[in-house]
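Taking it in order: structure first as structure tokens, then the write-up.
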Amino acid sequence: MKRNIIALALIIVMLFSLSACGKKDEAAAPTQVPQQTQPAGNPDASATEAPQDNKGIEPNSGVYTYTSEVNGLSFDYDSKYIAMTNPAGNAMVYAGEGTDLPFCTISLIPMREASEYLSDMAAAAETELGKNLKTKAGEPQKVPYGDRDIFYIYYTYKDKDAGGVVSCAYYAENLDDGSIVVYNSTALEGQTEAVDSILKLALETFHIAGSDGGNV
């Protein structure tokens, strides 16, 4: 009788353990794989079909519109590249054949000021990169861009894993609601042409989906 009670108790403990492991795995799953909203550049995707999220874009126009369902940021990009959404709802646009250098990010950041944000980034780069920093960012510079409030920094650093000197450019734009949008390009020196093109088109076409339209 005593042995039966002990055996029953062990079975109950094992069942609770299995249940706890299952719940842990279910909670972790959403953060393990980033949500891909635009399959442009995917070698398995048809070259004549625009992604479903890009309504109004001609399939062979060479341009897709990226729109984040999380925070509404929206812009155009070349359809030969790969655009994905990270867990924060911001955009990652890869100009290569995979998700490595070179790439661009476009991020919406609430309750910040553009020049101040870039100053903090420049200081953080000096601290984190140390002796690997080749070109310091310095103070953010105002970019002449119509009546839009945009600032810019640029720095380079040595990266053995990347295979050379990496070039980083950041643009930060003040929005009317008190948030900022940050445009970044990261590429090896001499390989910045594609990401420069991505940033130019993103800057020209950026808006918040659902707003009155036009550039913010």
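The values are calculated or read from the model by the stated rules, or taken from the named source; none is laboratory data. This structure is a prediction, so every number in the text was calculated from the model and none was measured. Positions of Cβ are backbone-derived with ideal geometry, glycine not excepted, and every protein chain shown enters the neighbour counts. The area values use the complete protein model at the heavy-atom level, side chains included, leaving out ligands, DNA and RNA. Shrake-Rupley method; radii C 1.70, N 1.55, O 1.52, S 1.80 Å.
What is the number of the single condition among (1) touching an Asp or Glu at 6+ places or on another chain (Cβ under 8 Å); (2) at pLDDT 95 or above that D149 does not meet?
Evaluating D149 over (1) touching an Asp or Glu at 6+ places or on another chain (Cβ under 8 Å); (2) at pLDDT 95 or above leaves (2) as the failure.
Need the failing condition index for T105 against (1) open to solvent by less than 40 Å² (accessible area, probe 1.4 Å); (2) hydroxyl-bearing (S, T, Y); (3) over 22 Å from S68 (Cβ atoms), just the number.
So T105 meets the others, but not (3).
Here are some residues: A95, A91. Which one is crowded, with 16+ Cβ neighbours inside 10 Å, hydrophobic (A, V, I, L, M, F, W, C), at pLDDT 90 or above and over 12 Å from the mean Cα position of the chain (by Cα)? Break it down into steps so the answer makes sense when it comes.
On the way: A91 fails: over 12 Å from the mean Cα position of the chain (by Cα).
Just one listed residue meets the conditions, A95.
Only one residue in E193, E189 is under 18 Å from Y155 (Cα atoms) and without any contact (Cβ under 8 Å) to a residue 24 or more places away in the chain. Which one? Talk me through it step by step, then tell me what you get.
Values: E189 fails: without any contact (Cβ under 8 Å) to a residue 24 or more places away in the chain.
One residue alone meets the criteria, E193.
Only residues that are open to solvent by less than 20 Å² (accessible area, probe 1.4 Å) and closer than 24 Å to D196 by Cβ: list them for segment 70-80, please.
Filtering segment 70-80 down to residues open to solvent by less than 20 Å² (accessible area, probe 1.4 Å) leaves 72-75, 77.
The answer is L73, S74, F75, Y77.
Which of the residues spanning segment 122-171 are surrounded by 14 or more Cβ atoms within 10 Å (Cβ to Cβ), without any contact (Cβ under 8 Å) to a residue 40 or more places away in the chain and hydrophobic (A, V, I, L, M, F, W, C)?
A122, L129, L133, A137, V143, F151, I153, V165, A169
Does any residue of segment 191-205 turn out to be over 28 Å from D100 (Cβ atoms) and either surrounded by 18 or more Cβ atoms within 10 Å (Cβ to Cβ) or touching a Phe, Trp or Tyr at 6+ places or on another chain (Cβ under 9 Å) (or both)? Outline the logic, then answer.
If we filter segment 191-205 for residues that are over 28 Å from D100 (Cβ atoms), which is where we start, we get none.
No: segment 191-205 contains no residue that is over 28 Å from D100 (Cβ atoms) and either surrounded by 18 or more Cβ atoms within 10 Å (Cβ to Cβ) or touching a Phe, Trp or Tyr at 6+ places or on another chain (Cβ under 9 Å) (or both).
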